[in-house]
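Heads up, the thing below is written out as structure tokens.
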Amino acid sequence: MYVITGATGALGRLVVEALLDRVPASEVRATGRRTEVLADLADRSVDVRRADYDDPASLRSVFADADRVLFVSGTDHEKRLDQHQAVVNALAETSVELVAYTSILHAATSDMVLARSHAATERMLLAAGVPHVLLRNGWYLDNFALTLAAETERGMIGASGTGRIHPATRADYAEAAAIALTGGGAPGDVFELGGPGFTRAELAAEIGRAAGRDVAYTDLSVPALTKTLVGAGIPERLAGLIADSDRGAAAGWLAAGDDLERLLGRPAEPWTAFIHAAVRSTLAPAS
Ligand SMILES: NC(=O)c1ccc[n+]([C@@H]2O[C@H](COP(=O)([O-])OP(=O)(O)OC[C@H]3O[C@@H](n4cnc5c(N)ncnc54)[C@H](OP(=O)(O)O)[C@@H]3O)[C@@H](O)[C@H]2O)c1
């Protein structure tokens, strides 16, 4: 049985779909708290079950007969360590063959604040003796579409200097996860995953080309970026994490090699094509 945690979320859902292209639905279990959003999968014979990282009994129940598990990192940064320890404890009680954990690029060495809980989770899996592969995902390219409208109006700000960021689409990370779970990965594998990279100045220039206007990039200090984001209404803690991650990008912690392309057996979706499509749909006049 393939068990997917976080299947109610954007990445997990895509992994379920990628798995259904590879294995029978009767061998796939999709889990999360909001199982109501998985009704269509149940209709397609996927085993839909509730699992909550705060509820160890639910975790033991969904993992009991698991052969291969996708462990999607949780979204609650305050509770993440306890929640992930609960997931690892439940996995350690099983005879699971392989667990794939969605970590972050260079988790073991990165000094980004966001990397700390991922590095800790990687250590938990190791300490518990759970056979696992690490899917160290870079940024989601999808998220760069969320700020396009504002950036084409006011320009882009950041603190990543000339650091290169190597994002990929959730769809590409999801397909890579399905491939890793179905034979592409083996215990001990570490995949540093991301697509072709850009500096923020290159990204701003490409957005400008796609939008037909100049989009400038302004590099700020980490405190200045944090302050500007807070001023724009972003909660202080999140603003700090965003600015710290951009500092990490400047130091090279969000750069990747060709692991994603090798796992996929094809090139990742190019960021330039993604940005042009996103600008077209973001700036398209409403019909
Ligand atoms: N690489 C990046 O750029 C990037 C960006 C943002 C996040 N991330 C990380 O990547 C993960 C997946 O991304 P995504 O886009 O799929 O996020 P998402 O759409 O917000 O999905 C998060 C998933 O985590 C599940 N989850 C959260 N807390 C849980 C809990 N206590 N028990 C069980 N499940 C829980 C949610 O399920 P329910 O709510 O149904 O329980 C949901 O399925 C995120 O959780 C986050 O750790 C990465």
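Here are the numbers for the structure shown:
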item: Ranking of Leu70, Leu254, Leu193, Leu146 by count of other Cβ atoms within 10 Å, fewest first; result: Leu146, Leu254, Leu70, Leu193
item: Residue with peak Gaussian network fluctuation, the chain [Cα springs, cutoff 10 Å], from Ala108, Ala201, Ala39; result: Ala39
item: Given charges at beta-carbon only (K, R positive; D, E negative), |dipole| of the chain in Debye; result: 380
item: Dipole of the chain, positive end: most advanced residue of His77, Ala250, Leu41 [Cβ charges, Cα centre]; result: Ala250
item: Gaussian network model of the chain, Cα within-10 Å springs - most flexible of Ala174, Ala150, Ala86; result: Ala150
item: Global form of the range 1-149, assessed from the alpha-carbon gyration tensor, a/c cut-off 1.5; result: oblate
item: Sites matching trypsin sites (Lys or Arg not before Pro) across the range 202-263 that sit in DSSP coil, with at most 12 neighbouring C-beta atoms within 10 Å; result: Arg213
item: Estimated [θ] at 222 nm from DSSP helical runs (n ≥ 4, -39500 (n - 2.57)) normalised by residues in the chain, nearest 500; result: -13000 deg cm²/dmol
item: Label-point separation, Glu93 to Leu146 (7 Å along Cα→Cβ), nm; result: 3.5
item: Linear extension gain, Glu202 paired with Ser26, 0.36 nm per residue minus alpha-carbon span; result: 58.8 nm
item: Simple label model, 7 Å out from Cα along Cβ direction - Ala251 to Glu17, nm; result: 3.6
item: Separation of the Thr272 and Glu36 label points, Cα + 7 Å toward Cβ, nm; result: 4.6
item: The range 1-120: relative contact order as a whole-number percent, Cα under 8 Å and 6+ apart; result: 23
item: FRET efficiency for Val190 and Val230, using Cβ-Cβ distance with R0 set to 22 Å, rounded to 0.05; result: 0.05
item: Rule-of-thumb Rg ratio for the range 1-45 [Cα; 2.2 N^0.38 Å; N residues]; result: 0.99
item: Within a Gaussian network of the chain (alpha carbon springs, distance under 10 Å), most fluctuating of Pro196, Pro187, Pro131; result: Pro187
item: Rounded FRET efficiency, nearest 0.05, which uses the C-beta distance separating Ser45 from Asp111 and R0 of 35 Å; result: 0.15
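Bear in mind that the values in this text are calculations on the coordinates, not laboratory data. The structure displayed is predicted, hence computed values, not measured ones. Methodologically, a virtual Cβ is constructed for each residue, glycine included, from the backbone with ideal geometry; neighbour enumeration extends over all protein chains shown.
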